[in-house]
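This report concerns only the one structure given below.
The values are calculated or read from the model by the stated rules, or taken from the named source; none is laboratory data. Bear in mind the structure is a predicted one, so any value in this text is a computation, not a measurement. Note that we place each Cβ from the backbone using ideal geometry, even for glycine, and neighbour counts take in every protein chain shown. Quick note on the areas: whole protein, heavy atoms, side chains included, nothing else; ligands and nucleic acids left out. Shrake-Rupley method; radii C 1.70, N 1.55, O 1.52, S 1.80 Å.
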Amino acid sequence: MMDGSGLPTTRSTCPYCGVGCGVLLTPDGNGGLLVKGDPGHPANFGKLCSKGSALGETVGEEVNRGYRLRTPLVDGKPASWDDALQTVADKFRAAQQEYGPDACAFYVSGQLLTEDYYVANKLIKGFIGTANIDTNSRLCMASTVAGHKRAFGTDTVPGTYEDLDEADLIVLVGSNLAWCHPVLFQRVLAAREKRGARIIVVDPRRTASCDAADLHLKLVLGSDVALFNDLLARIEDAGAVDADYIAQTDGIAEAMAAARENNPTETGLTSEELDAFAAEWIGTEKVVTVFSQGVNQSTSGADKVNAILNCHLATGRIGRPGLGPLSVTGQPNAMGGREVGGLANMLACHLDLENADHRAAVKTFWDAPEMPEAAGLKAVDMFRAVGAGKIKALWIIHTNPAVSMPEADAVREAIAGCDFVAVSDVTGRTDTARLADVLLPAAAWAEKDGTVTNSDRTISRQRAVLPSFAGARADWDILAEVGRRMGWKDVFNYQHPAEIFREHAALSGIAGQMGRDFDISGLAELSRDEYGALKPLRWPVSATRQGGRFFSEGDFFHATGKVKLVPVRWRPPAAKTGPRYPFRFNTGCLRDQWHTMTRTALSARLSSHLAEPFLDIHPDDARSLGLAPADLVSVKSPQGSAILRSRITDDVTTGQVFAPMHWTGETAPSARIDALVAGSVDPVSGQPESKAAVVDVRKFEAAWYGFAVSL
Ligand code: SF4
């Protein structure tokens, strides 16, 4: 297609958050790109946020000179692709043969395209023979996966973005949608404008999302289960349980009993606030409860998800227009990773690793020699196993665990001490890439071709519009080549991502026949041209069904044929505050940065929003510590330390501090936030508690200050 000025324009998707906005990409003639929102994409209808709008500033030779990798590196020295890939294959083969398959591990990313993810999962689970593959989605939304599976029997997002357009009440729980999913937030604001939808924010911190809220419930950090259990009990008291729907569920009595043991004062909210919330929620049929990392990143994350789902199930408010629970993912393809089984406890196409029939079906389909019978190591355990010397060969793909994992200092040391580490990335300038034995230059966004799935099950194409920088290769291609070099030539003989997509779609048809939700078998015969032209569409896509919502009636995936309400009880975060570590330490994202800044920091415009690492602290706490605005503070936890600039604000409550998590050893070596966070995990989901560490805060007495100014 052409843009208004006759230049060739390509439809693709933004590589940042899970909203999955469509973009129109037009080469600028100088190796860069002009980027606009795609008016035809159902996620954004032409809108983009600050990050998406600045994508053009992050590509091209001028921006990337000296930043992108130009050649593979082996032991820090330039090497040929042949040598580098053979080294990776040899090292994994040696580790597998000498120590067994479980001595191998992949740690991958929601930045991968579904086709990349599929090949990675197939290689390690089906052929190397271990389930030791986990993804940084473990840090993002594993609790939602676990909560969905407990309630629905599958990891299914029931609703769609259109529900936001039709809702009368939108509740944001643990979600600063205004900054983290801005285009979706625009949709929430449009619903308010058009139909008077009301907005409630449930968050221990006042965020930008609160500016538009009719009610902000500033609850005690981590007490969401107590809030939603209170709501569940009040639903019954108000006679708002939907008897017809409840007949299709299990567990209402147990869930209600647990809810009635609840003590809502744990939320720290007043009875007036609790009354107001319950009255709005119960009194509004069309209610969408949006939840995100404030729910997931918790040692009770799965319980929080089920506490929310219980309320929607009890009232039958699910699977119909304008209502339902809606989890929003952090990454562009966290959902695709879940679909291909990129987590250590899943198989492809929402099949279960623990189910012998499912394992046999995938093994037969792949013609695989191996298929692990037990779940592999989840992220925190994986890096502990690396540190203990149990993992001998580790491949890290498009993610930066030396910064982003909890206990980041220990993780950095573990990676540095591992026998063999391969890293695939676009640059060598990350904390993790600097630790690689083999560093493989991977193609970046706008250079690679495949599909992603956004938070409402919409599959969209990402398309290559720029040549691969200095011969960088697509991840599926790198992974398949290593598979071939390890001896599995035929099964990894892919020439194009369309072949991988078709294979995944065909396997999903088998999953569909086995009663799974994820079925895109209607796309299993796509030609390469049809794949190239594929328009955004929502799964499932099968002979009997396309898109739509789940769970309004009859489409349940537990063996009982019912959905489940799960009894949950509030419990506090794992780390306890006390005299040594008196502050609760919350972490999160900024509007204009993404993850560890490897792309967003290339844009001067984005970096000017909030330019340096900081710590938000309440005025009363600042006074008692003798802090003035912009003082440097030393922040210490049992796991690590940081030096940050103080911002004195009542956005946070007394006793609570907040820091954004983007800075790294490359950008601010004393502000690696996840070095302060403990590796405590949710017992169900394995997701770490990234938002509830404990710290001590002191004024940092610098001997002298300097300012560096550069052009
Ligand atoms: Fe990209 Fe998310 Fe912004 Fe959309 S909302 S432009 S997907 S970062």
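Of 424, 641, the residue with the largest accessible area leads and the full order is 641, 424 (1.4 Å probe).
Exposed loop sites are taken as chymotrypsin sites (Phe, Trp or Tyr not before Pro) in a DSSP loop (any state but H, G, I, E or B) with at most 11 other beta carbon atoms within 10 Å; the longest stretch of the chain without one runs 1-703. Computed 3J(HN,Hα) for the range 416-431, one whole-Hz value per residue from the Karplus formula 6.51 cos²θ - 1.76 cosθ + 1.60 where θ = phi - 60°, is 4, x, 5, 4, 9, 10, 9, 10, 9, 7, 8, 9, x, 9, 10, 4, glycine and proline marked x.
Length available on full extension from residue 62 to residue 560: 0.36 nm per residue minus the Cα-Cα distance, which gives 173.4 nm.
Each of 661, 405 has its accessible area taken with a 1.4 Å probe; listed largest first, they run 661, 405.
Counted residue by residue at 0.36 nm each, then reduced by the alpha carbon distance between them, the extension gain from residue 636 to residue 193 reaches 155.0 nm.
Counting only DSSP beta bridges whose two residues both lie in the chain, roughly 45 percent are antiparallel. Once the Cα-Cα distance is subtracted from the 0.36 nm per residue extended length, the residue 360 to residue 260 segment shows a gain of 31.7 nm. Helix-only arithmetic for the chain: the sum of -39500 (n - 2.57) across DSSP H runs with n ≥ 4, divided by the residue total, places the mean residue ellipticity at 222 nm at -8500 deg cm²/dmol. A cut-off of 5 Å between modelled amide H atoms, ignoring neighbours fewer than 5 places along the same chain, links residue 424 with 396, 397, 398, 440. Here is the list for the range 494-555: GluC sites (Glu not before Pro) lying in DSSP coil, each with at most 14 other C-beta atoms within 10 angstrom of its C-beta, are 525, 553. In the range 142-332, the portion of solvent-accessible area held by carbon and sulfur atoms comes to 49 percent [1.4 Å probe, whole percent, DNA, RNA and ligands not counted]. Our coupling estimate for the range 127-132, obtained by passing each phi through the Karplus curve with A = 6.51, B = -1.76, C = 1.60 and θ = phi - 60°, is 10, 5, x, 9, 8, 6 Hz, Gly and Pro reported as x.
Model label sites at residue 419 and residue 701, defined 7 Å from Cα along the beta-carbon direction, differ in position by 5.0 nm. Of the residues 122, 392, 564, the one with the largest accessible area comes first in the ranking 564, 392, 122, computed with a 1.4 Å probe on protein heavy atoms.
Rounding to the nearest 20 debye, state how big the charge dipole of the range 24-121 is about its Cα centre with +1 on each Lys and Arg Cβ and -1 on each Asp and Glu Cβ.
320 debye
Give me the 1.4 Å probe accessible area per residue for the range 186-333, excluding ligands and nucleic acids, in Å². Using a 1.4 Å probe on heavy atoms only, each residue of the range 186-333 averages 31 Å². For the range 116-203, a simple Cβ point-charge model (Lys and Arg +1, Asp and Glu -1, everything else neutral) yields a dipole of about 220 debye relative to the Cα centre.
Taking amide hydrogens as placed 1.01 Å from N in the peptide plane, the amide H of residue 690 sits under 5 Å from those of 298, each at least 5 positions away in sequence or on another chain. Using C-alpha pairs under 8 Å with a sequence gap of at least 6, the mean separation divided by the residue count of the chain gives a relative contact order of 19 percent.
Karplus-derived 3J(HN,Hα) values for the range 484-489, using 6.51 cos²θ - 1.76 cosθ + 1.60 with θ = phi - 60°, are 5, 5, 7, x, 10, 5 Hz; glycine and proline are entered as x. With 25 Å as the limit on Cα-Cα distance, the pairs of 304/448; 77/125; 304/392; 47/122; 304/691; 286/562 that go past it are 304/448; 77/125; 304/392; 47/122. Here residue 390 is the anchor, and the lysines within straight C-alpha reach of less than 16 Å, apart from those fewer than 8 places off in the same chain, are 91, 378. Applying 1/(1 + (r/R0)^6) with r as the Cβ-Cβ distance of residue 649 and residue 1 and R0 = 45 angstrom yields a FRET efficiency of 0.45.
Taking amide H as placed 1.01 Å from N in the peptide plane, residue 37 has its amide H under 5 Å from the amide H of 24, each at least 5 places away in sequence or on another chain.
When the dipole is taken about the Cα centre of the range 583-699, and only Lys, Arg (+1) and Asp, Glu (-1) are charged at their Cβ, what size is it in debye, to the nearest 20?
With Lys and Arg at +1 and Asp and Glu at -1, about 220 debye.
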